[in-house]
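Every number here is computed from the coordinates shown, using simple stated rules; none is lab data. These numbers come from a predicted model, not from an experiment. All Cβ positions, glycine included, derive from the backbone under ideal geometry; neighbour counts span all protein chains shown.
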There are 2 protein chains.
Amino acid sequence: MNHVALEKKILSENDRIATTLRDRFAEHGTLCLNLISSPGSGKTTLLERTLQSFSPDRHVAVLAGDIQTENDANRLKRFGFPVKQITTGGTCHLDARMIERHLADWPLDQIDLLFIENVGNLVCPASYDLGEAAKIVLLSVTEGEDKPLKYPSVFFKSELVIITKTDLLPYVPFDQQAAEENIRRVHPGVEILPLSCSTGAGVDRWLHWLEKQAVKTEPLVSK
Amino acid sequence: MNHVALEKKILSENDRIATTLRDRFAEHGTLCLNLISSPGSGKTTLLERTLQSFSPDRHVAVLAGDIQTENDANRLKRFGFPVKQITTGGTCHLDARMIERHLADWPLDQIDLLFIENVGNLVCPASYDLGEAAKIVLLSVTEGEDKPLKYPSVFFKSELVIITKTDLLPYVPFDQQAAEENIRRVHPGVEILPLSCSTGAGVDRWLHWLEKQAVKTEPLVSK
């Protein structure tokens with residue numbers, strides 16, 4: 001089997017497991033969101049801000065992916081919600097089997113909202129369906145407005161683009177209008193949400209977006 | 001053949017081509033440097049600043065890798081040195097065969113210094129030897145001091161770590177001392193060079209480092 005054929009086989013096996021995950025999420029009314037970005041674009045910081053805003057009786061959980069270290073899980077655990085680190089040990093993305101394995105002892109009917117924080121990588125994670133309801137891509141203003149054109153796949157596949165670290169706009173040569181045009185060239189009509197976890201600007205819109213998605217999943221809920 | 005076996009085969013085929021490239025670089029006295037970082041850490045900006053500082057009779061060339069767009073090559077061409085874009089069309093890294101192919105019509109004896117700007121990705125490019133004399137990893141202060149621990153492979157394999165965008169230090173929660181400790185935990189003794197292409201701070205040290213490497217290769221030069 002050549003490389004391309006093997007890659008197809010791996011992806012189709014991944015898709016098969018992702019489909020069973022998606023069915024399980026729907027059955028239990030779990031909204032699963034897959035957060036993807038470059039290293040250091042602010043996925044963990046956004047999740048910190050998000051968990052902090054939730055009341056303790058909310059049924060939220062996080063799976064945090066990294067190649068090495070349990071740092072992200074440790075940062076997120078202090079909010080009291082269930083958090084697990086997935087350490088890939090070298091693999092550049094999360095795959096559906098890793099998600100399936102790490103969910104094995106979590107009762108999904110007690111999780112209404114599941115965040116998956118992918119490995120920091122704007123390329124490979126876009127190819128692996130994790131059974132999520134939506135992919136969300138984060139782009140920080142320090143990365144430059146050309147990135148959506150250079151890494152189109154993840155921007156095309158995401159339901160929401162979050163432009164992070166907008167508090168740094170005065171200090172970096174980031175043309176936000178050009179960035180939004182580039183995003184829409186790759187994915188016309190996609191929702192774009194600029195925010196700063198430092199100042200809090202835009203965070204309310206993000207929390208509102210989350211509530212909207214939670215409502216949307218209700219027709220899928222069987223319980 | 002399973003996935004692991006195929007990956008080994010691909011990497012060993014890559015290593016074989018990289019070895020012939022390395023021999024050719026040595027034969028022609030070409031110093032080849034492979035720049036790796038996350039998307040938007042400042043590889044192209046550093047190369048702009050570097051090319052700008054060179055006199056026009058210097059024998060320098062650049063191969064710039066990206067998944068899509070010729071943006072980087074266009075930015076770099078205006079300095080008058082030979083520049084080629086390698087568009088991978090989805091592949092998350094450059095490999096030795098791409099380098100070999102794009103060098104086919106370049107007379108190496110007219111290139112003393114060859115920069116390879118890899119695809120923006122802190123994971124996969126670390127696995128692919130391109131025949132370079134050294135890998136150089138860039139880490140911007142906006143990415144956070146924990147990244148060397150999370151992405152150890154590229155930091156371990158690089159001869160130089162450049163901490164970029166130090167002009168943003170007053171505005172971001174980046175602990176430079178902790179970053180340097182983390183880098184040295186992964187790669188004891190590696191050279192670390194903080195700089196800012198906006199203010200120019202540290203750029204002289206980088207140019208000096210380059211000259212030092214060029215001198216080092218002289219014993220290898222056969223011409």
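Brief remarks on what is shown
- Globularity ratio of the range B:1-116, using Cα Rg and 2.2 N^0.38 Å: 1.13
- Choice from B:Ala178, B:Ala133, B:Ala96 with maximal GNM fluctuation in chain B (Cα, 10 Å cutoff): B:Ala178
- Using a simple spin-label model with pseudo-atoms 7 Å out from Cα toward Cβ, A:Gln176 and A:Lys212 lie 1.8 nm apart.
- Sequence-distant residues sharing a close amide H with B:Ile86 (under 5 Å, placed H): B:Ala64, B:Gly65, B:Asp66
- Neighbourhood net charge (12 Å Cβ-Cβ; Lys/Arg +1, Asp/Glu -1) for B:Lys157: -2
- For A:Arg97, label point 7 Å along C-beta direction: distances to other copies, nm: 2.5
- Quick note on the protein assembly as shown: its Rg to Rh ratio, both from C-alpha atoms and Rh being the Kirkwood radius, is 0.98.
- Between the C-alpha center of the range B:76-92 and that of the range A:132-171 there is a gap of 23 Å.
- Rg/Rh for the range B:136-183, where both radii come from Cα atoms and Rh is the Kirkwood radius: 0.94
- Ascending distances from the A:Gly200 label point to its copies in the other chains, with the point 7 Å along the Cα-to-beta-carbon line: 4.2 nm.
- Mean per-residue shielding of peptide A:4-15 is 1, counting Cβ atoms of other chains within 10 Å of each Cβ.
- Qualifying trypsin sites (Lys or Arg not before Pro) for the range A:1-86 [loop in DSSP, other Cβ within 10 Å: at most 16]: A:Arg58, A:Arg78
- Environment charge at B:Pro173 (Cβ cut-off 15 Å; Lys +1, Arg +1, Asp -1, Glu -1): -1
- With label points set 7 Å from Cα along Cα→Cβ, the inter-copy distances at B:Arg185 are 4.1 nm, sorted shortest first.
- Estimated D of chain B in µm² per second, where Rh is the Kirkwood radius over Cα pairs and Stokes-Einstein applies at 37 °C, 0.692 mPa s: 184
- Panel order for B:Thr164, A:Thr166, A:Thr44, A:Thr199, by other beta carbons found within 10 Å of each beta carbon, from fewest to most: A:Thr199, A:Thr166, A:Thr44, B:Thr164.
- Gaussian network model of chain A, Cα within-10 Å springs - most flexible of A:Asp66, A:Asp95, A:Asp57: A:Asp57
- Each label point was placed 7 Å from the Cα along the Cα-to-Cβ direction; for B:Asn74 and A:Asp15 their separation is 3.4 nm.
- Volume of the convex hull of the range A:88-149 (Cα atoms only), normalised per residue: 114 Å³.
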